[in-house]
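Chemist: Questions regarding the structure given below will be posed in turn.
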There are 2 protein chains.
Amino acid sequence: MKRIAVDAMGGDHAPQAVVEGVNQALAAFPDIEIQLYGDEAKIKQYLTATERVSIVHTTEKINSDDEPVKAIRRKKEASMVLATKAVKDGQADAVLSAGNTGALLAAGVFVVGRIKNIDRPGLMSTLPTMDGKGFDMMDLGANAENIAHHLYQYGILGSFYAEHVRGVKQPRVGLLNNGTEDTKGTPVHQEAYKLLAEDKSINFIGNVEARELLNSVADVVVTDGFTGNAVLKTIEGTAKSIVGQLTGSIKNGGLRAKLGGLLVKPTLKKALGAMDYKTAGGAVLLGLKAPVIKAHGSSDAQSIFYTIKQTRSILEAGIVEKSVAKFSVVEESHD
Amino acid sequence: MKRIAVDAMGGDHAPQAVVEGVNQALAAFPDIEIQLYGDEAKIKQYLTATERVSIVHTTEKINSDDEPVKAIRRKKEASMVLATKAVKDGQADAVLSAGNTGALLAAGVFVVGRIKNIDRPGLMSTLPTMDGKGFDMMDLGANAENIAHHLYQYGILGSFYAEHVRGVKQPRVGLLNNGTEDTKGTPVHQEAYKLLAEDKSINFIGNVEARELLNSVADVVVTDGFTGNAVLKTIEGTAKSIVGQLTGSIKNGGLRAKLGGLLVKPTLKKALGAMDYKTAGGAVLLGLKAPVIKAHGSSDAQSIFYTIKQTRSILEAGIVEKSVAKFSVVEESHD
């Protein structure tokens, strides 16, 4: 049985979307057990599942504008903090929240804790590509700065995820850089390039450029948290702006445009489906002693369902155990 | 008379596209004079203009895959190098090339030279926004690393450009960061934030996020060269991928999709026109003693025309003189 602690109070549509997603997931996956942390009365309004589910009542919660580290330290009874503690105390195997990202990162690092020899856990998401295969990018902003050794570790962690959770054989690992030659970028990138190239356990394909990300140039893309955050937000913003611009022009166009719009709508919808983030699940904080999963703040029930599905796959793949094993070997070879 | 030195041999479609763009520009602007650097026989094949134009013959040229600094030093007779030298020697007021970006940056810094007290010239482009107004972003990759003081100087240089070349009153200057609070980012960003906020000569509006760039969140966006390069390429790649995905789905769709596509085509074309890079001109290396302009490598005659138009506006606005004046004051106050 995979035991997942869920912060019922996190996210824009909590607790309704969270609890409804939990209902769906419990019905679909007989091998999971859900612990819901939050306001019992509110949770019960939406909870229809009766088996393999429990509620841990608390009224305290972390808000989206709370200062992350302070919130974690002061709001000791917050739903997110209690859910994270359940993992630390061995009562749950993974934790999921759609709440304050910074607070969840802090809770992950300070409460769940890092895997030995992993310096800086990083945030990873599977982002969509045009061919529908997707790629895993990290760090997406858990850290503002990273040294080369962090980037190297992200290559390993991302590779584990792509291979064991997404089923990509020998995942192609690329380093995001401002050109493809190995001399490109800052000294951090040049050193990270060397470290990644030296490790024969991963399939490092060299530098990749941001222009090619959506064209499946790599299965795993490694970058520092600042750049990763900027690139992720640029992809989201650009996609939203362009799709909005095009659909807006049809809606506000003349009769001809509107008629054409009706005709192309199903085709465009299908084409844009390849870029849908929902089914890929949430962002994963990799490098911790247990999976800590961040669902999108705007998650609806369906997104929560897919994020629970993803959490289940992560537990099934055992990537935490694989990471522990890999990095304990790294330590020995450094001794 | 504004004298512009043009590298006739740079770019994917040189010299034809370059020379044809020059023909158009000479016809449109009676106050410019063009010096064409390159293979005289080849240039003459396309040159129809007869007044205010001269050819400086050379057969050497820098290729797109040449190592920039080496190329500049060894190929002393290359069209790009000679065009840049003409500016240094006072025979031309600005230089334009669609060739090797790195080589042009190197030629700009080593041949034309930096304005006193400007530490690191940066590459700036006007990027499209959905409302058609556009924003100026720098550094787009002239540098792989920048300190806070560079970012501060980019705020001033970008502000000059937006105000005097694009005619934006009190341009809103934003610092690209991973959140809007002033504590966000690395120590470099935090210090840059302070420097920008302290200078009352610019209209600093604080941190801006990459998600909002295409929504006209700022008129000038300041960032380091590595992030700027990644964000620029992400915008380009995402836009290209999505538009390709949508148009491809219509083309490969059934009769219904194709008919709808025909009907919406003019509307979509108009909507995408707001995102057209062509009319905005090329990238400008700001912080040098004369304007050094990089036209897109894939420039056609129309792009070259607009880039010459932009070069003329830059000379007319006198932003180099304004920068020299501004930064000489900075020096005095530091003494």
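Chemist: Along each of the three principal axes of the Cα atoms of the stretch A:122-277, give the extent in whole Å, ordering the values from largest to smallest.
Modeler: On the principal axes, the stretch A:122-277 reaches 60, 30, 27 Å in Cα extent.
Chemist: How many percent of Cα pairs in the protein assembly as shown exceed 36 Å?
Modeler: Value for the protein assembly as shown: 46 percent of Cα pairs lie more than 36 Å apart.
Chemist: Right, another one. Helix check for chain B. Which DSSP H runs span at least 30 Å along their own axis by Cα, with a mean Kyte-Doolittle hydropathy no less than -1.0?
Modeler: Sorted by number, the helices that extend far enough and score high enough are B:225-251.
Chemist: Interface B/A, total buried accessible area with a 1.4 Å probe, nearest 100 Å²?
Modeler: Chain pair B/A: roughly 4400 Å² of buried accessible area.
Chemist: What does the structure give for A:219-232 when I average, per residue, the other chain Cβ atoms found within 10 Å of the residue Cβ?
Modeler: Mean inter-chain Cβ contacts per residue within 10 Å come to 5.
Chemist: If you place +1 on the Cβ of every Lys and Arg and -1 on the Cβ of every Asp and Glu, how big does the dipole about the Cα centre of the protein assembly as shown come out, in debye to the nearest 20?
Modeler: Values: 78 positive and 76 negative charges, 392 e Å.
In debye, rounded to 20, the protein assembly as shown gives about 1880.
Chemist: Among A:L213, A:F160, A:Q245, whose Cα sits farthest toward the positive end of the charge dipole of the stretch A:152-260 (+1 at Cβ of Lys/Arg, -1 at Cβ of Asp/Glu, about the Cα centre)?
Modeler: A:Q245
Chemist: By the gyration tensor of its Cα atoms, with a ≥ b ≥ c the square roots of the eigenvalues, what is the shape of chain B: rounded for a/c under 1.5, prolate for a/b over b/c, or oblate?
Modeler: In terms of gyration-tensor shape, oblate.
Chemist: While we're looking at this one, here's another question. Indicate the gyration tensor shape class of the stretch A:195-287 (rounded, prolate or oblate), computed on the Cα atoms with a ≥ b ≥ c the square roots of the eigenvalues: a/c under 1.5 is rounded; otherwise a/b larger than b/c is prolate and the rest oblate.
Modeler: Here the stretch A:195-287 falls in the prolate category.
Chemist: Another one. How would the stretch B:12-121 be classified by its alpha-carbon gyration tensor: rounded, prolate or oblate, with rounded meaning a/c under 1.5 and the a/b versus b/c comparison settling the rest?
Modeler: oblate
Chemist: For n ≥ 4 DSSP H runs only, could you compute -39500 (n - 2.57) per run for chain A, divide by its residues and tell me the 222 nm figure to the nearest 500?
Modeler: Helices in chain A give a 222 nm mean residue ellipticity of -14000 deg cm²/dmol.
Chemist: Under 14 Å from the Cβ of B:A27, count the other residues' Cβ atoms, weight Lys and Arg +1, Asp and Glu -1, and hand me the total.
Modeler: Cβ neighbours under 14 Å give a net charge of -1.
Chemist: Tally up the carbon and sulfur contribution to the accessible surface of the stretch A:56-109 as a whole percent, 1.4 Å probe, everything protein left in place.
Modeler: Answer for the stretch A:56-109: carbon and sulfur cover 48 percent of the accessible area.
Chemist: Using +1 at the Cβ of each Lys and Arg and -1 at the Cβ of each Asp and Glu in the stretch B:1-158, identify which of B:S79, B:V19, B:G113 lies farthest towards the dipole's positive end.
Modeler: So the residue we want is B:G113.
Chemist: Considering only DSSP beta bridges with both partners in the protein assembly as shown, what is the antiparallel share in %, to the nearest 5?
Modeler: Bridges in the protein assembly as shown that DSSP calls antiparallel: roughly 30 percent.
Chemist: Could you give the dipole magnitude of the stretch B:129-211 about its Cα centre, charging the beta-carbon of Lys and Arg +1 and that of Asp and Glu -1, in debye to the nearest 20? Walk me through the numbers before you get to the answer.
Modeler: Values: 8 positive and 11 negative charges, 56 e Å.
Computed charge dipole of the stretch B:129-211: roughly 280 debye.
Chemist: Another question about this same structure. If the label for B:S328 sits 7 angstrom from Cα along the Cα-to-Cβ line, what are its distances to the same label in every other copy, in nm to one decimal, shortest first?
Modeler: Values, ascending and in nm: 6.9.
Chemist: Of B:I202, B:G38, B:L176, which is farthest along the charge dipole of chain B in the positive direction, counting Lys and Arg as +1 and Asp and Glu as -1 at C-beta?
Modeler: Ranked along the dipole, the leading option is B:G38.
Chemist: Go through the stretch B:234-264 and flag every residue whose accessible area shrinks by 40 Å² or more with all protein chains in place compared to the isolated chain (probe 1.4 Å).
Modeler: Residues of the stretch B:234-264 that lose at least 40 Å² of accessible area once the other chains are added: B:T234, B:T238, B:S241, B:I242, B:Q245, B:L246, B:S249, B:R256, B:L263, B:V264.
Chemist: Something else now. Quote the relative contact order of chain A in percent (integer), defining contacts as alpha-carbon pairs under 8 Å separated by 6+ residues.
Modeler: 23
Chemist: Given the options A:Q310, A:Q16, A:Q45, which has the most mean-square fluctuation in a GNM of chain A, springs set between C-alpha atoms less than 10 angstrom apart?
Modeler: Most flexible of the set in this elastic network: A:Q45.
Chemist: Ok, one more. Which distance in nm do the two modelled labels at A:K194 and A:D12 give, with both placed 7 Å along the Cα-to-Cβ direction?
Modeler: Spacing of the two 7 Å Cα→Cβ label points: 4.6 nm.
Chemist: Run through the other copies and list how far each one's label point is from that of A:T59, in nm with one decimal, shortest first; the point sits 7 Å from Cα along Cα-Cβ.
Modeler: 8.9
Chemist: Run the quick spin-label model on A:A49 and A:K133: label points 7 Å from Cα toward the beta carbon, then report their separation in nm to one decimal.
Modeler: Roughly 3.3 nm, to one decimal.
Chemist: In whole percent, and with a 1.4 Å probe on the protein chains, what portion of the accessible area of the stretch A:202-335 is carbon and sulfur?
Modeler: With neighbouring chains kept in place, the figure for the stretch A:202-335 is 55 percent.
Chemist: Kindly flag which residue pairs out of A:K265/B:K169; A:K169/B:K233; B:K42/B:K75; B:K2/B:K278; B:K44/B:K309; A:K184/B:K322 have an alpha-carbon separation exceeding 30 Å in this structure.
Modeler: Too far apart for the 30 Å limit: A:K265/B:K169; A:K184/B:K322.
Chemist: Whole-Hz Karplus ³J(HN,Hα) for the stretch A:108-116, in order, using 6.51 cos²θ - 1.76 cosθ + 1.60 and θ = phi - 60°, x for Gly and Pro?
Modeler: x, 6, 7, 9, 6, x, 7, 5, 3
Chemist: For B:F204, enumerate residues with amide H under 5 Å from its amide H, sequence gap 5+ or separate chain, H modeled in the peptide plane.
Modeler: B:V173
Chemist: For chain A, what is the charge dipole size about the Cα centre, in debye to the nearest 20, if Lys and Arg each add +1 at the Cβ and Asp and Glu each add -1 at the Cβ?
Modeler: 1020
Chemist: A follow-up question, please. Just to check I understand the Karplus step: with θ = phi - 60° and J = 6.51 cos²θ - 1.76 cosθ + 1.60, what whole-Hz values come out for the stretch A:166-172, glycine and proline as x?
Modeler: So the J values, rounded to whole Hz, are 9, x, 8, 7, 6, x, 7.
Chemist: Just grab the label-to-label distance for B:S328 and A:K278, each label 7 Å out from Cα along the Cβ direction, in nm (one decimal).
Modeler: Simple spin-label model gives 6.3 nm for this pair.
Chemist: State the Cα centre-to-centre distance between the stretch A:240-272 and the stretch A:99-173 in whole Å.
Modeler: So the two Cα centres are separated by 36 Å.
Chemist: If you count only protein heavy atoms with a 1.4 Å probe, what accessible area per residue comes out for the stretch B:262-306, rounded to a whole Å²?
Modeler: I get 41 Å² per residue for the stretch B:262-306.
The values are calculated or read from the model by the stated rules, or taken from the named source; none is laboratory data. Worth saying up front: this structure is predicted, and the values here are computed from it rather than measured. Every residue, glycine as well, gets a Cβ built from its backbone with ideal geometry; the counts of neighbours run over all protein chains shown. Remember, those area values only see protein heavy atoms, side chains included, never the ligands or the DNA or RNA. Shrake-Rupley method; radii C 1.70, N 1.55, O 1.52, S 1.80 Å.
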